[in-house]
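S.K.: One structure follows; several queries about it will come next.
Just so it is clear, none of the values below were taken in a lab; they were calculated from the coordinates. Model, not experiment: these values are computed from the prediction. Heads up, the Cβs are rebuilt from the backbone with ideal geometry, glycines too, and the neighbour counts pull from every protein chain shown.
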Amino acid sequence: MSTVAPNLKYSAEHEWLAAGDPATVGITAVAAEALGDIVYVSLPEVGDTVTAGATCGEVESTKSVSDLYAPVTGEVIAINQAVLDDPALVNGDPYGAGWLFTVAVTAEGPLLSPEEYAAANGVAAP
Amino acid sequence: MTERTTALYDAHAVLGAHFTDFGGWQMPLRYGSELAEHTAVREAAGLFDLSHMGEVWVQGPDAAAALSFALVGAFDTLAVGRAKYSLIVAEDGGILDDLIVYRLAPERFLVVPNAGNAALVAGELTTRAAGFTATVTDASAHTALIALQGPRAAEILATLVPEEDHEALAALRYYAALELSVDGAPALVARTGYTGEDGFELFIPDTRAAELWDTLLAAGLTRGLIPCGLAARDSLRLEAGMPLYGNELTRDLTPFDAGFDRVVNLAEGHNFVGRAALEAARDHRTGRRVLVGLRGEGRRAARAGYPILSEGAVIGTVTSGQPSPTLGHPVAFAYIDPEFAAPGTPVQADLRGKPEAFTVVETPFYRRTR
């Protein structure tokens, strides 16, 4: 799997956003790789309002805990129960089965293109 | 500070290691999944580069007496071929390092301190041995240390040891060591480790390290052996209830704080650096925090530095903690007020503002059954 996927937008805090109604949010392969094996994920609840740039959950690996930042503002429509049950999905397929939640976007935070995100992290662009 | 690398750095890079700074060294943190590495050691075998650790030789007619003066234990009674866990403390009783001492001949000892403390320990041993007929030689810079750990370690190592030595290898006891031919050249083979599993630590000249590393990996290929980094080493030692210098053991703590009463030999006539302070520390335990194990009742782990609470009041601090891969729940070491130290006592860990239920438990958290 490529480290940075095309057709997504990225936050500097390593979340990705797949445009749509609702939009889908996850963490990048770059972040998953840096965290190591993810063992616990906490997510906002359905109906919560998340705010771009604010923390909305946690991603815990065997070695560390990282905040999850909302890349956009809006209402949470769905959360990925499969990831709560099996956090390793985030390591295995961060841009697919490891998605975290969907959100009805009212405003976007500052987001990067795949090329910009790749350059900022010193990895190959898709 | 320039970070040092071991003789195996290139081998790690080829294996795709993620590196981390540890005690001034660039060491492999993990190669792939640290959980897979942890599990390999519990179920098959793992290979670790520990060449950052120190190797200090103490030799001469007074070597045993010099070590008995320099460390908190007595070494005149240590049998040749056996190893002993010990501590070196400052004059005020504060722990400078924990270390393993091997007696390889009546007048020949190998001391293995932690990487970050190796130079300090070598210096202290030199100073403390000054009044004895003993020489102290720091061989850390040209000695490699490779650990082969796990239930299949003995079987893998045997493939590299001559047939006539198989019996001696099989008979080698825990905390014992002997010199053997491994892959055709002499190695000091110790049955020690930091994982809670059976296993070996192999001391060799660093010029041999890369070849032996590759040979061991090849020998273990069909037996589930994989290279393991410091992440797995840390989770394995924590499950096994083993302290880490810098976390559970520090300059500000005495061996009694850490529960190492049995490591300190206060027998009459055993004069050693720090003895007076440790006698006082033994007699003034009241109110001092004690090291305990904690089991998390939820899924979230308490990490080093997190406060431990009881009814909202801070009663302690976590020194190491993470989810236990083998047990499936969080585990931690913490120093807590003695009135809460009894196993079964419910406490909370302050997980970044959110209290989470933990219970004081006996350590080790994990004990192997085979």
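S.K.: May I ask you to compute the full-extension gain from B:Asp283 to B:Asn271, defined as 0.36 nm times their residue separation minus their alpha-carbon distance, rounded to one decimal in nm? Intermediate results must be reported in sequence, preceding the final value.
M.R.: Working: separation 12, 0.36 × 12 = 4.32 nm, distance 1.76 nm.
That works out to 2.6 nm of additional length.
S.K.: Also: Largest first and to the nearest Å, give the Cα extent of the protein assembly as shown along each principal axis.
M.R.: 81, 55, 44
S.K.: Given the -39500 (n - 2.57) contribution per DSSP H run of 4+ residues, what per-residue ellipticity at 222 nm results for the protein assembly as shown, rounded to the nearest 500 deg cm²/dmol?
M.R.: Roughly -5500 deg cm²/dmol at 222 nm, from the helical runs in the protein assembly as shown.
S.K.: Could you work out, residue by residue across A:54-61, how many beta carbons of other chains sit within 10 Å of that residue's beta carbon, and then give the average as an integer?
M.R.: Numbers: counts 0, 0, 0, 0, 4, 0, 8, 6.
For this peptide, the per-residue mean of nearby foreign Cβ atoms is 2.
S.K.: Where does the range B:56-138 land on the Kirkwood hydrodynamic radius, alpha-carbon pairs, in angstrom? Working shown, then result.
M.R.: On the way: mean 1/r = 0.0817 Å⁻¹.
After inverting the mean inverse Cα-Cα distance, the result is 12.2 Å.
S.K.: What's the ranking of B:138-146, B:232-240 by average number of surrounding C-beta atoms within 10 Å, highest first?
M.R.: B:232-240, B:138-146
S.K.: Now, a different point. When only Cα pairs under 8 Å and 6 or more residues apart are kept, what is the percent relative contact order across chain B? Provide the component values of the computation, followed by the final result.
M.R.: On the way: 868 pairs, mean separation 65.8, N = 370.
Normalised by residue count, the contact order of chain B is 18 percent.
S.K.: Moving to a separate point now. For the range B:258-272 and the range B:118-168, what is the centre-to-centre distance using only Cα atoms, to the nearest Å?
M.R.: 24 Å
S.K.: Whole-Hz Karplus ³J(HN,Hα) for the range B:131-147, in order, using 6.51 cos²θ - 1.76 cosθ + 1.60 and θ = phi - 60°, x for Gly and Pro?
M.R.: Using θ = phi - 60°, the values come out as x, 10, 7, 7, 10, 10, 10, 8, 9, 4, 5, 10, 10, 9, 9, 10, 9 Hz.
S.K.: Just want the answer: with Cβ charges of +1 for Lys and Arg and -1 for Asp and Glu, which residue in B:Thr135, B:Leu249, A:Ala12 is farthest toward the dipole's positive end in the protein assembly as shown?
M.R.: B:Thr135
S.K.: What residues qualify as long-range amide H neighbours of B:Gly199, i.e. H under 5 Å apart, gap of 5 or more or another chain, H built at 1.01 Å from N?
M.R.: Result for B:Gly199 returns B:Gly150.
S.K.: Once you keep just the Cα pairs under 8 angstrom separated by 6 or more residues, what percentage relative contact order results for the range A:9-105? Spell out each step's value before the answer.
M.R.: Details: 232 pairs, mean separation 32.2, N = 97.
33 percent.
S.K.: If you take each beta carbon of peptide B:290-303 and count the beta carbons of other chains within 10 angstrom, what is the mean? Intermediate values should be presented prior to the final figure.
M.R.: Details: counts 0, 0, 0, 0, 0, 0, 0, 0, 1, 7, 6, 8, 0, 4.
Rounded to a whole number, the mean comes out at 2.
S.K.: Restricting the count to DSSP beta bridges whose residues both fall in the protein assembly as shown, what percent are antiparallel, rounded to a multiple of 5?
M.R.: Values: 103 of 108 bridges.
Of the beta bridges lying entirely in the protein assembly as shown, close to 95 percent run antiparallel.
S.K.: Around A:Glu60, what is the net charge, scoring Lys/Arg as +1 and Asp/Glu as -1 over all other residues with Cβ under 11 Å from its Cβ?
M.R.: Details: positive: A:Lys63, B:Arg299, B:Arg300, B:Arg303, B:Arg352; negative: A:Asp37, A:Glu58, A:Asp67.
Once all neighbours under 11 Å are counted, the net charge is +2.
S.K.: Would you work out the relative contact order for the range B:230-370, in percent, from Cα pairs under 8 angstrom that are 6 or more residues apart?
M.R.: It comes to 27 percent, rounded to a whole number.
S.K.: Put +1 on the Cβ of each Lys and Arg and -1 on the Cβ of each Asp and Glu in the protein assembly as shown; which of B:Gly220, B:Leu202, B:Ala280 then has its Cα farthest toward the positive end of the dipole?
M.R.: Looking along the dipole axis, the top candidate is B:Ala280.
S.K.: Right, another one. Tabulate in residue order the Karplus-calculated ³J(HN,Hα) for the range A:11-21, using 6.51 cos²θ - 1.76 cosθ + 1.60 with θ = phi - 60°, rounded to whole Hz; enter x for Gly and Pro.
M.R.: 9, 5, 8, 6, 9, 10, 10, 9, 4, x, 10
S.K.: Here's a follow-up. Let me know the shape class of the range A:53-98, please: from the alpha-carbon gyration tensor, a ≥ b ≥ c as square roots of the eigenvalues, rounded when a/c is under 1.5, otherwise prolate if a/b is greater than b/c, or oblate.
M.R.: On the way: a/c = 2.04, a/b = 1.24, b/c = 1.65.
The shape class here is oblate.
S.K.: Continuing with the same structure: Can you tell me how chain B classifies by the Cα gyration tensor, rounded, prolate or oblate, using a/c under 1.5 as the rounded cut?
M.R.: oblate
S.K.: Taking beta carbons within 10 Å but only from partner chains, what does the mean come to for residues A:36-43? Could the numbers behind the result be given before it?
M.R.: Numbers: counts 9, 12, 1, 10, 6, 1, 3, 0.
Taking all residues of A:36-43 together, the mean is 5.
S.K.: DSSP loop (so not H, G, I, E, B), at most 13 other Cβ within 10 Å: list which trypsin sites (Lys or Arg not before Pro) in the range B:262-327 pass both filters.
M.R.: Numbers: sites: B:Arg262, B:Arg275, B:Arg282, B:Arg285, B:Arg288, B:Arg289, B:Arg295, B:Arg299, B:Arg300, B:Arg303; in loops: B:Arg285, B:Arg288, B:Arg289, B:Arg299, B:Arg300, B:Arg303.
Those satisfying the criteria are B:Arg285.
S.K.: Where the only charges are on Cβ atoms (+1 Lys, Arg; -1 Asp, Glu), what is the dipole of the range A:9-105 about its Cα centre, to the nearest 20 debye?
M.R.: Values: 2 positive and 14 negative charges, 43 e Å.
I would put it at about 200 debye.
S.K.: Now for a separate question. Report ³J(HN,Hα) in whole Hz for each residue of the range B:17-32, in order, from the Karplus equation J = 6.51 cos²θ - 1.76 cosθ + 1.60 where θ = phi - 60°; Gly and Pro get x.
M.R.: 5, 8, 9, 9, 7, 9, x, x, 10, 8, 10, x, 7, 6, 9, x
S.K.: Here is a follow-up. Considering only B:Met53, B:Leu180, B:Leu160, whose Cα is most displaced toward the positive end of the charge dipole of the protein assembly as shown, charges sitting on Cβ of Lys, Arg (+1) and Asp, Glu (-1)?
M.R.: Working it through, the farthest residue towards the positive pole turns out to be B:Leu180.
S.K.: With every atom except the alpha carbons ignored, what do you get for Rg and Dmax of the range B:1-93, in angstroms?
M.R.: 18.2, 49
S.K.: Given the C-alpha centroids of the range B:286-309 and the range B:46-87, what is the distance between them in whole angstrom?
M.R.: A separation of 32 Å, based on Cα centres.
S.K.: Right, here's the next one. Kirkwood Rh and Cα-based Rg: tell me the resulting Rg over Rh for the range B:281-329, rounded to two decimals. List each step's numbers first, then the result.
M.R.: On the way: Rg = 13.3 Å, Rh = 12.6 Å.
Radius of gyration relative to Kirkwood radius: 1.06.
S.K.: Still on this structure: Filter the GluC sites (Glu not before Pro) in the range B:9-108 to those in DSSP coil with at most 10 other Cβ atoms within 10 Å of their Cβ, and list the result.
M.R.: On the way: sites: B:Glu34, B:Glu37, B:Glu43, B:Glu55, B:Glu91, B:Glu107; in loops: B:Glu55, B:Glu91, B:Glu107.
Sites meeting the loop and neighbour criteria: B:Glu91.
S.K.: Let me spell out the model: positive unit charges on the Cβ of Lys and Arg, negative unit charges on the Cβ of Asp and Glu, origin at the Cα centre of chain B. What dipole size does that give, in debye rounded to 20?
M.R.: Working: 31 positive and 46 negative charges, 167 e Å.
Using only the charged Cβ atoms, the result is roughly 800 debye.
S.K.: Looking at the range B:134-215, which trypsin sites (Lys or Arg not before Pro) are in a loop (DSSP not H, G, I, E or B) and have at most 11 other Cβ atoms within 10 Å?
M.R.: Working: sites: B:Arg152, B:Arg173, B:Arg191, B:Arg208; in loops: B:Arg152, B:Arg173, B:Arg191.
Counting only loop positions with at most 11 other Cβ atoms within 10 Å, the trypsin sites (Lys or Arg not before Pro) in the range B:134-215 are B:Arg173.
S.K.: Here's something else I'd like to know. List the residues whose amide H sits under 5 Å from the amide H of A:Glu108, counting only those 5 or more places along or on another chain, with H placed 1.01 Å from N in the peptide plane.
M.R.: It is A:Thr73, by chain and number.
S.K.: A further question follows. Out of the DSSP beta bridges found with both residues in chain B, what percent are antiparallel (nearest 5)?
M.R.: Details: 75 of 80 bridges.
Taking every DSSP beta bridge within chain B, about 95 percent pair in antiparallel fashion.
S.K.: So what's the gap between the Cα centers of the range A:66-87 and the range B:231-251, to the nearest angstrom?
M.R.: Cα centres, the range A:66-87 to the range B:231-251: 33 Å.
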